[in-house]
Amino acid sequence: MPPERRSRTKPERGAGAMPGRKARPGSGGTPRKAARSSQRTPQAGQRAAPSAVTAVADEEEESRLRQRNRRTLEDDRPAAERCLEQLVFGDVEDDEDALLRRLRSSRGQLRESSEDSEVEDEADDNLAPQKKQPVWVDEDDEDEEIVDMMNNRFRKDIMKNASESKLSKEKLQKRLKEEFQHAMGGVPDWAETGSKRRKSSDDESEEDEDDLLQRTGNFISTSTSLPRGILKMKNCRPANAERPTTARISSVQFHPGAQVVMVSGVDNAISLFQVDGKTNPKIQSIYLEKFPIFKACFSANGEELLATSMHSKVLYVYDMLAGKLIPVHQVRGLKEKIVKRFEVSPDGSFLLISGIAGFSHLLSMKTKELIGSMKINGRIAASTFSSDSKRIYTSSGNGEVYVWDVNSRKCVNRFLDEGSLYGLSIATSKNGQYVACGSKSGVVNIYSQDSCLQQTNPKPIKAIMNLVTGVTSLAFNPTTEILAVASRKMKEAVRLVHLPSCTVFSNFPVFKKSAVSRVQTMDFSPRGGYFALGNEQGKALLYRLHHYSDF
């Protein structure tokens, strides 16, 4: 090194201005100490100065090369990628250590914020919820408003007695809430208060929540069970409107496989109508000369139509596919002079004819030949098959019910219908759960089918006492959620009973209109969408039940 440059660098090193090093406190405080140190180690200072300068130069060269390489790489990348990197990481061209320090600091802040949020949540849980005060109060709200319950049909239905003709707004709201909870069977989850809902949600596992979020589909659906109280229904055009008649309707039945309804009456005619709820166009009519029809019924598969008269032993069979009318004048072994009441088994295998003197005769549905006969004490009032066609229930005129085994034709049980002195009707539910017995006093006893098979003195689940005259018609709907009961002895004597609550729907029939008159027969469509009944005025009334979407 030249002497001039060496002499210049020595004072700078002594003053502590060498790049890359920091002056220690106290060193170089006085010129005397600096000179003394330089005098003691002149050779060490001379050797350290070139190495320090070389190190600084190497660092600068490395930084310069790094920046040049970065610029070369950035020139090759698209502008959109460079803009995105700058938005995410910031401008870090000059110092990568700054980026690392920033990431470490942000991670620490996130950890501190999460800990703070947990502490705040624990504090919120420990604090009792405070009720918010209203911002302002309307003076009119404090005045108790009286609501007239008699002018509204739906409000009138929820009155408990005549003294509740006028209720306050608060009491009406409370009554509506009680009716809603009564119909729903309690308070639904979505109507729970915040604290109860929070407790129930805490009990659920996180796995269930993850499973809910990982699946897609329709999570919102209507309830499948029929609510009690009010039955949503629509009064449609009468099923036989395109063939009006004034003769009494004896049978109304829906076809088991097609959207067709059959209407027969004492005017010797059987008519078939297409059910659409609007016009119900007529398909065809079958006229039987001098044959006032007592009962008409489809076969289980819907391929045949059977009909009997009030004063004849002839059984007419109408072939639906061939369009032929076949009279059965005599059944071998059957000595009945008049054939009126009959039942078809649900599986389509048997035909049960009720005779006189307590006899009932079991025939083959296919050949119309006699299989065997059964006898009870007294007169047969009504008979029906169980849903599986393995049992026959027979109601007698003295109030007794007989249970028969179809295969052996033996009585497997016998019991007295509670409180009944004279039985008139009997029906079994489609799901094999209930047996309903109607008596002359207007009482309908609903039994469990298991108790009717096993107990000699079964107790009814519920006694329906909404009718005051003899119950002549009983019918369960396909889902066993509705039991229709009716009496032909009085006008408007028909009720629809909700199951399993055994409560009567309050909105049927509408007494102000008096359109039902005396009900002779009734039936539900195969999937419960329609309800039909025939009266003595020759009308087959048709109703659409909105709860059931299908025919």
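The values are calculated or read from the model by the stated rules, or taken from the named source; none is laboratory data. Please read all numbers here as calculations on a predicted model, not as lab measurements. Positions of Cβ are generated from backbone atoms using ideal geometry, with glycine treated the same way; all protein chains shown enter the neighbour counts. In case anyone asks, the SASA skips ligands and DNA or RNA and just uses the protein heavy atoms, side chains included. Shrake-Rupley method; radii C 1.70, N 1.55, O 1.52, S 1.80 Å.
Criterion applied to Ser439, Ser448 was being within 23 Å of Arg391 (Cα to Cα) and without any contact (Cβ under 8 Å) to a residue 40 or more places away in the chain, and the one residue passing it is Ser448. Within the bounds of region 477-492, is there any residue that is closer than 20 Å to Pro256 by Cα, open to solvent by 30 Å² or more (accessible area, probe 1.4 Å) and out of contact with any Phe, Trp or Tyr (no Cβ under 7 Å at 6 or more places or on another chain)? Yes, some residue in region 477-492 is closer than 20 Å to Pro256 by Cα, open to solvent by 30 Å² or more (accessible area, probe 1.4 Å) and out of contact with any Phe, Trp or Tyr (no Cβ under 7 Å at 6 or more places or on another chain). Applying a threshold of 6 Å to beta carbon distances and a minimum spacing of six or more residues, or different chains, the list of pairs starting in region 283-301 at a residue that is touching a residue at least 40 places away in the same chain (Cβ under 8 Å) and ending at one that is among the charged types (D, E, K, R) reads Phe294/Lys340.
Residue-level check: of (1) open to solvent by 20 Å² or more (accessible area, probe 1.4 Å); (2) touching a residue at least 24 places away in the same chain (Cβ under 8 Å); (3) assigned to a loop (DSSP other than H, G, I, E, B), Ser514 misses just (2). Restricting the search to strands (runs of 3 or more DSSP E) fully inside region 271-334 and requiring at least 1 residues that are open to solvent by less than 20 Å² (accessible area, probe 1.4 Å), modelled with pLDDT of 95 or more and among the small types (Gly, Ala, Ser) gives 293-298, 304-309.
Residues of region 367-411 being in a strand (DSSP E or B), open to solvent by less than 70 Å² (accessible area, probe 1.4 Å) and β-branched (Val, Ile, Thr), which ones? Across region 367-411, the qualifying residues are Ile380, Thr384, Ile392, Thr394, Val401, Val403. Quick one: would you say Val92 is of a type in the set (A, V, I, L, M, F, W, C) and either assigned to a loop (DSSP other than H, G, I, E, B) or modelled with pLDDT of 70 or more (or both)? In short, yes.
Take region 251-270 and flag every residue that is assigned to a strand (DSSP E or B) and over 27 Å from the mean Cα position of the chain (by Cα). Within region 251-270, Ser251, Val252, Gln253, Val260, Val261, Met262, Val263, Ser264, Gly265, Ala269, Ile270 qualify.
Looking across region 456-469 at every residue that is over 30 Å from the mean Cα position of the chain (by Cα) and buried (at least 20 other Cβ atoms within 10 Å of the Cβ), the one that is nearest to Val401 (Cα to Cα) is identified as Pro458. Looking at this structure, is Leu542 in a strand (DSSP E or B), in contact with a Cys (Cβ under 7 Å, 6 or more places away or on another chain) and under 18 Å from Met233 (Cα atoms)? Criteria met by Leu542.
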